[in-house]
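Participant: Handing you a structure now.
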Amino acid sequence: MREPFVAGNWKMNTDGPSSMDLAERIALESVGIANQSVTVAVCPPFVYLQAVVKVLKSSSIAVGAQNSYFEPKGAFTGEISISMLKDIGCTYCLCGHSERRHVIGETDGLINQKVIAAINGGLLPILCVGELLAEREASKTEEVVTRHVKKGLAGLSAEKVSAVTIAYEPVWAIGTGLTATPQQAQEVHDFIRKLLGQMYDEKLAEEIRIQYGGSVKPDNAEELMSKKDVDGLLVGGASLKADDFIAIIRAAI
Ligand code: PGA
């Protein structure tokens, strides 16, 4: 049984007071779900991580970073290492989010180095994969997802890959209000699980959690989660409202 995993990606939103306020509300409202079998994490901007870790300390909610750098230390101005994130209490790290791939220009090779560094440094990576609208329209979804998964996990043993969560996020569904239908999500999740089975083994493929992301809202979360291979949700916009985020977590349980 794969425990559902809901993560909130705050992106470059909130400020000092509102990040604390959001974390406090989520902590308060999550008391009711504390004993449920669900994994929950939030990924605030770097500068608010420490404050949010503090607020969520006595809750069951983990904290993740939205990005990291793969080198352990040195002359890499502006970058943040895995050990720094670990040091301040992070558990997870997003790797290869579509905005980092397509806006910032991260390559599959760089993302792979980040995934490896995260695992070796004791952070649990959430590897984001997914196709652009033009790629879906050209029937290239499977080709793109295969590339993202294979290159993102290159060089890692099955044992190390068991630390990874995959997030399938079709780029055309992110922040657009266009959600993949539960059936579309299920098809790609099933494809990814079979791919993992070929790359590693059936056991790993059955154990690894695959989240869906892209315009997840309280009113579509339950239907998405009803699909066999949808094990969780990566939530952007709706994770900025405590009520909506909690409603999504409840729908995932
Ligand atoms: P969205 O973002 O829920 O706002 O579409 C999801 C994501 O980018 O992770």
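The values are calculated or read from the model by the stated rules, or taken from the named source; none is laboratory data. Quick caveat: nothing in here was measured; it's all calculated off a predicted structure. Counting neighbours? That spans all protein chains shown, and the Cβs are built from the backbone with ideal geometry, glycine included.
Participant: Kindly provide the set of residues from region 77-128 that are crowded, with 17+ Cβ neighbours inside 10 Å, part of a helix (DSSP H, G or I) and within 13 Å of the ligand (Cβ to nearest atom), ordered by number.
Facilitator: Scanning region 77-128 gives Ser98, Glu99, Arg100, Arg101.
Participant: Let me ask something else. If you scan region 33-55, which residues turn out to be under 11 Å from Ile249 (Cα atoms) and either surrounded by 17 or more Cβ atoms within 10 Å (Cβ to Cβ) or free of Cβ contacts under 8 Å to residues at least 24 places away in the same chain (or both)?
Facilitator: Selection gives Ile33, Val38, Thr39, Val40, Ala41.
Participant: Restricting region 235-253 to residues that are at pLDDT 95 or above and part of a loop (DSSP other than H, G, I, E, B), which is nearest to the ligand (Cβ to nearest atom)?
Facilitator: Gly236
Participant: Could you please give the count of residues in region 158-197 that are outside any strand (DSSP E or B), within 16 Å of the ligand (Cβ to nearest atom), in contact with a strand residue (DSSP E or B) (Cβ under 8 Å, 6 or more places away or on another chain) and of a type in the set (Val, Ile, Thr)?
Facilitator: Of the residues in that region, 2 qualify.
Participant: Restricting the search to region 219-234, which residues are within 14 Å of the ligand (Cβ to nearest atom) and within 17 Å of Gln36 (Cβ to Cβ)?
Facilitator: Across region 219-234, the qualifying residues are Ala221, Gly232, Leu233.
Participant: Do we have Ala205 as within 15 Å of the ligand (Cβ to nearest atom) and part of a helix (DSSP H, G or I) here?
Facilitator: Taking the combined requirement at face value, the residue does not satisfy it.
Participant: From the set of residues in region 12-32 that are free of Cβ contacts under 8 Å to residues at least 60 places away in the same chain and not in a helix (DSSP H, G or I), which is farthest from Ile248 (Cα to Cα)?
Facilitator: This residue is Asp15.
Participant: Testing Lys150 on (1) surrounded by fewer than 17 Cβ atoms within 10 Å (Cβ to Cβ); (2) within 14 Å of the ligand (Cβ to nearest atom), one condition comes back false. Which one is that?
Facilitator: With (1) surrounded by fewer than 17 Cβ atoms within 10 Å (Cβ to Cβ); (2) within 14 Å of the ligand (Cβ to nearest atom) applied to Lys150, the lone miss is (2).
Residue-wise test of (1) acidic (Asp, Glu); (2) more than 16 Å from the ligand (Cβ to nearest atom); (3) out of contact with any helix residue (DSSP H, G or I) (no Cβ under 6 Å at 6 or more places or on another chain).
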{"position": "Glu3", "(1), (2), (3)": "yes, yes, yes"}
{"position": "Gly8", "(1), (2), (3)": "no, no, no"}
{"position": "Asp15", "(1), (2), (3)": "yes, yes, yes"}
{"position": "Ala27", "(1), (2), (3)": "no, yes, no"}
{"position": "Ala34", "(1), (2), (3)": "no, yes, yes"}
{"position": "Val42", "(1), (2), (3)": "no, no, yes"}
{"position": "Phe46", "(1), (2), (3)": "no, yes, yes"}
